[in-house]
1. Considering only residues that are within 16 Å of the ligand (Cβ to nearest atom) and in contact with an Asp or Glu (Cβ under 7 Å, 6 or more places away or on another chain), which ones fall in region 174-202?
2. Considering only residues that are open to solvent by 10 Å² or more (accessible area, probe 1.4 Å) and either at pLDDT below 95 or closer than 18 Å to residue 248 by Cα (or both), which ones fall in region 87-112?
3. Within region 132-141, how many residues are open to solvent by 40 Å² or more (accessible area, probe 1.4 Å) and within 11 Å of the ligand (Cβ to nearest atom)?
4. Scan region 239-271 for residues that are more than 23 Å from residue 325 (Cβ to Cβ) and hydrophobic (A, V, I, L, M, F, W, C) and jot them down.
5. Taking region 76-104 only, how many residues are in a helix (DSSP H, G or I) and more than 9 Å from the chain's Cα centre (by Cα)?
6. Among the residues of region 338-361, count how many are loosely packed, with under 15 Cβ neighbours inside 10 Å, among the small types (Gly, Ala, Ser) and more than 20 Å from residue 207 (Cβ to Cβ).
7. So, in region 248-287, how many residues would count as being of a type in the set (A, V, I, L, M), without any contact (Cβ under 8 Å) to a residue 40 or more places away in the chain and assigned to a helix (DSSP H, G or I)?
8. State all residues of region 116-128 that are near the ligand (Cβ under 9 Å from one of its atoms) and open to solvent by 30 Å² or more (accessible area, probe 1.4 Å); if no residue qualifies, say none.
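The values are calculated or read from the model by the stated rules, or taken from the named source; none is laboratory data. Because the structure is a prediction, the values reported are computed rather than measured. Cβ coordinates were reconstructed from backbone atoms using ideal geometry, including for glycine residues, and neighbour counts include every protein chain displayed. Ligands, DNA and RNA are excluded from the accessible area calculation, which covers all protein heavy atoms including side chains. Shrake-Rupley method; radii C 1.70, N 1.55, O 1.52, S 1.80 Å.
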Amino acid sequence: MNFDPTEGQLRWRDLARDFARTEIAPRAAQLDREQKFPYDIVAEMARLGLMGLTLPEEYGGSGGDFVGYNLALEEISRADTSVGITMEAHISLGCAPLAAYGTPEQKERYLAPCASGESLWAFGLTEENAGTDAGGTETTAEIEGGEWVVNGSKKWITNGGTDITAGVTAIARTGLRENGKPELTAIILPQSTPGFSRGPGYEKLGWRASDQRQLYFEGCRVPEENTLGERGRGFSQFLQTLDAGRVAVGALSVGLAQACLDEALSRAKERHQFGRAIAEFQAIQFKLADMAMEVEIARNMVLKAAWMKDQGRPFGREASMAKVFASETAKRAADQAVQIWGGEGFMEGSAVARYWRQVKINEIGEGTSEINRQIIARSLLTESPEEVKTKLTAQ
Ligand SMILES: Cc1cc2nc3c(=O)[nH]c(=O)nc-3n(C[C@H](O)[C@H](O)[C@H](O)COP(=O)(O)OP(=O)(O)OC[C@H]3O[C@@H](n4cnc5c(N)ncnc54)[C@H](O)[C@@H]3O)c2cc1C
């Protein structure tokens, strides 16, 4: 077994690490305070190829693999998880479905301007009455004279309303299946479509320098050719999209957990009580050791799931495991980092207070921990114990 990343993967990690340390980390607190989308940072990340890391070179992307992408995401999130989610949502949620299911014409028209990161693309699944249960989708699309007419709204759509957002792939109800369940179809909606509007940004606990909006579609007309993939395949498309997204949210969580460990370590060495550094107390050492162990496990889980995707193997269960474990690791790490910082950690000016606020969303976005645990349990229950054992130990 080889745990060494390839040269190409290390190049992405180091590029992201250098940029994140010098250009993002020094501004993270201010970006969070001012809740401003960092256009200049995103433009520079696009120039470096980070905003199109896994997207096909043919359409202007960087053609990197999924492991390299997750290594890079970890580094960006370690500096600022808000910038991390902007990159992740653009690549994994916005562009990856266009690359996977788009026709050559759709890729030329919609993916090409976004694969370089010059423009952003968003993914619109969630609605007021369709959160975990996407079957509750109320946005409708009907064919009229060779065009889709889309009506409805979406909620909390990341990158949905920046000045450089080119459009969204929206999941809409396009009919009923024979089994009585809704037929869901993915439809490409450029931002410039008449009837497409967006709400103001939200006041949030974390990811405050990233963009989330409510999107409204009032009689939006787009050609029938704007169907992404086959009509009625929207459900299976977003399940696959979310599998990959979950690995990436795992990477964002590992980055944040590592940032908590970084801050906890430096404070433990600097802060003196009872005439010595608090790092000399075993109670503090054990906290640091537990944080380091969990970060190590979470990172390995994320990279294993990413590697399985790169190998073309099924990775859905590993994606859910990585997301749940990494997001919960990050939450515990943020909690312990504040504890080690003591009262200073409770002050808004401290980085660990910011991490403590930011960390919660990782247990919610792209499938809650409850749903991911169900996916894991279901996969165990539908396979024979032998199959499960072989997969868990030999992959
Ligand atoms: C900052 C942010 C960014 C987001 N970005 C996007 C985006 O870009 N695109 C997009 O489409 N969506 C986006 N979302 C939506 C996100 O994916 C949803 O919030 C998430 O899927 C959960 O849905 P919900 O919040 O409506 O929770 P609900 O579905 O209302 O769930 C509430 C609680 O009930 C539990 N629950 C629900 N059903 C079950 C069940 N069957 N069994 C056990 N427990 C259950 C959940 O686990 C959760 O704990 C974003 C959300 C936020 C907050």
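1. Selection gives 201 alone.
2. 93, 96, 99, 100
3. Total satisfying the criteria: 2.
4. Scanning region 239-271 gives a single hit, 268.
5. Matching residues across region 76-104 total 16.
6. 2
7. 3
8. Within region 116-128, 126, 128 meet the criteria.
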